[in-house]
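Trainee: Have a look at this one before I ask anything.
The values are calculated or read from the model by the stated rules, or taken from the named source; none is laboratory data. Every value quoted in this text rests on a predicted model; they were computed, and no experiment measured them. Positions of Cβ are generated from backbone atoms using ideal geometry, with glycine treated the same way; all protein chains shown enter the neighbour counts. Note: areas computed on protein heavy atoms with side chains; ligands, DNA, RNA excluded. Shrake-Rupley method; radii C 1.70, N 1.55, O 1.52, S 1.80 Å.
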Amino acid sequence: MYNPPAFAEHDRGQIVAFLHRAALGHLITASTPGDDGTGDEVGDGLNNGPSIQATALPFVVDQDLTRVRAHFAKANRHWRSINGSTGLLIVPGDDTYVSPRWYPSKAEHGRVVPTWNYELVHIHGTIEIHHDPAWKRTMVEDLTDQHEARISEADQRPAWMVSDAPSGFIDDQLKAIVGIEVTITNLEAKRKLSQNRAEADQYGVIDGLARSDHSVDHNLAAAMTRPSV
């Protein structure tokens, strides 16, 4: 990741909080043709080079940032080629356009251009595939509990739990998925939130985003007021 010092986030608490908010990432891996465990070619057959595969995965991350857990649909062939390999989980946050009209410095010298503000985490790690039903159930329960907690303040009805469904039904659902665990070897976090601009310009961006009709812009305005370490 290109991550200038002004935008790099190193505070582990901030990173964990971001990952809990984002909660969905794109797992990217590379494999060679025929390396999917089926004997069939992976990719479009146009060349013999590595095949780049990507799957969007809701995930749960440990508080100590040592591992990420998620699951594939068993019908998704992506999981067949990646046990023991390395992968990149890209976790995007909110992003938005930043207009030069919001900079007070525009009136001073005019040397301003548009940019884009966003938050992003790249997680590199070693992949392990899990078929054990108990492992998969624990992962699904943890994932469910995390996201049910996110909506509990807005919805006063009791949180849904995996145990609310018939056990036989859950067992059948677990047979249709494959667990994945990514042991984190490197993590890069980026908060590109106008930190390279003068303070007056930063407040101008916050004000401009806060006036927007789009909720994502309000989210970025709030993100700009959160501390960065």
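Trainee: Give me the pairs: first residue in region 151-173 and farther than 18 Å from T138 by Cβ, second residue surrounded by 11 or more Cβ atoms within 10 Å (Cβ to Cβ) and modelled with pLDDT under 90, beta-carbon distance under 6 Å, and six or more apart or on different chains, which are they?
Mentor: Close Cβ pairs satisfying both conditions: S152/A159.
Trainee: Can you tell me which residues in region 148-186 are open to solvent by less than 50 Å² (accessible area, probe 1.4 Å) and within 30 Å of A8 (Cβ to Cβ)?
Mentor: Matches in region 148-186: I180, E181, V182, I184.
Trainee: Let me ask another. Name the residues in region 100-147 that are hydroxyl-bearing (S, T, Y) and open to solvent by less than 60 Å² (accessible area, probe 1.4 Å), would you? Spell out how you get there, then give the answer.
Mentor: First, the residues of region 100-147 that are hydroxyl-bearing (S, T, Y): 103, 105, 115, 118, 126, 138, 144.
Correct list: Y103, S105, T115, Y118, T126, T144.
Trainee: Further question: Just checking, does region 93-110 include any residue being closer than 21 Å to V182 by Cβ and in a strand (DSSP E or B)? Talk me through it step by step, then tell me what you get.
Mentor: Initially, region 93-110 is screened for residues closer than 21 Å to V182 by Cβ, giving 93.
Among the residues that remain, those that are also in a strand (DSSP E or B) are: 93.
Scanning region 93-110, I find at least one residue that is closer than 21 Å to V182 by Cβ and in a strand (DSSP E or B), so the answer is yes.
Trainee: Could you give me the residue pairs with C-beta distances under 9 Å whose first residue belongs to region 138-149 and is free of Cβ contacts under 8 Å to residues at least 60 places away in the same chain, whose second residue is assigned to a helix (DSSP H, G or I) and open to solvent by less than 50 Å² (accessible area, probe 1.4 Å) wherever it lies, and which are 6+ apart or on separate chains?
Mentor: Taking only residues 6 or more apart or on different chains, the pairs are E141/V162; T144/V162; D145/V162.
Trainee: Still on this structure, please answer the following. Check whether at least one residue in region 69-89 is outside any helix (DSSP H, G or I), basic (K, R) and modelled with pLDDT under 95, and report yes or no.
Mentor: no
Trainee: Does S194 satisfy the condition of being among the small types (G, A, S), at pLDDT below 95 and surrounded by 12 or more Cβ atoms within 10 Å (Cβ to Cβ)?
Mentor: Numbers: among the small types (G, A, S): yes; at pLDDT below 95: no; surrounded by 12 or more Cβ atoms within 10 Å (Cβ to Cβ): yes.
No, not satisfied.
Trainee: If you don't mind, another one. Would you check which residues across region 197-225 are in a helix (DSSP H, G or I), open to solvent by 50 Å² or more (accessible area, probe 1.4 Å), without any contact (Cβ under 8 Å) to a residue 60 or more places away in the chain and over 20 Å from A8 (Cβ atoms) and list them?
Mentor: Correct list: Y203, A210, S215, H218.
Trainee: Going through region 56-89 one residue at a time, which ones are more than 15 Å from K136 (Cβ to Cβ), among the aliphatic types (A, V, I, L, M) and in contact with a helix residue (DSSP H, G or I) (Cβ under 7 Å, 6 or more places away or on another chain)?
Mentor: If the condition is that a residue be more than 15 Å from K136 (Cβ to Cβ), among the aliphatic types (A, V, I, L, M) and in contact with a helix residue (DSSP H, G or I) (Cβ under 7 Å, 6 or more places away or on another chain), then V61, L65 are the ones that fit.
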